[in-house]
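A quick write-up on the structure given underneath.
Rule-based calculations on the coordinates, nothing more; no lab input. For clarity, every value in this text was computed on a predicted model and none was experimentally measured. Positions of Cβ are generated from backbone atoms using ideal geometry, with glycine treated the same way; all protein chains shown enter the neighbour counts.
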Amino acid sequence: MFISPAFAQAADGAQESSLLVSLAPMILIFVVFWFLLIRPQQRKVKEHRAMVTALQKGEEVATVGGVIGRITKLEESTLTLEIATDTEILVQRAAVTQLLPKGTIKDF
């Protein structure tokens, strides 16, 4: 009560630079996340989409669930895999994770 509060008055230029200094770490963190996490993930998704659209009949593939088979029939969003003699399953195209070299199934 006896002492009145004293307020320091800063110039307008000092307030703008302090705002920039306080936002710089946030901007830096976003840039680091972009180059280390977001950009590589986008590239991986793009490569997977290209691989899935380029699938052809007769290729050997592995699915997300670990099923290995030969493509016998292709449709727009699904494909049929032959996993054993006279045993075929229907799988979504997006479930294919890896294109295997020819003759891989014979090794198993």
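Annotation for Gln92 and Ile38: the two label points, set 7 Å from Cα along the Cα-Cβ direction, are 2.6 nm apart. Potential lengthening of the chain between Lys102 and Thr53 amounts to 15.8 nm, from the contour at 0.36 nm per residue minus the alpha-carbon distance.
Taking every C-alpha pair closer than 8 Å and separated by at least 6 residues, the mean separation divided by the residue count of the stretch 53-108 gives a relative contact order of 34 percent.
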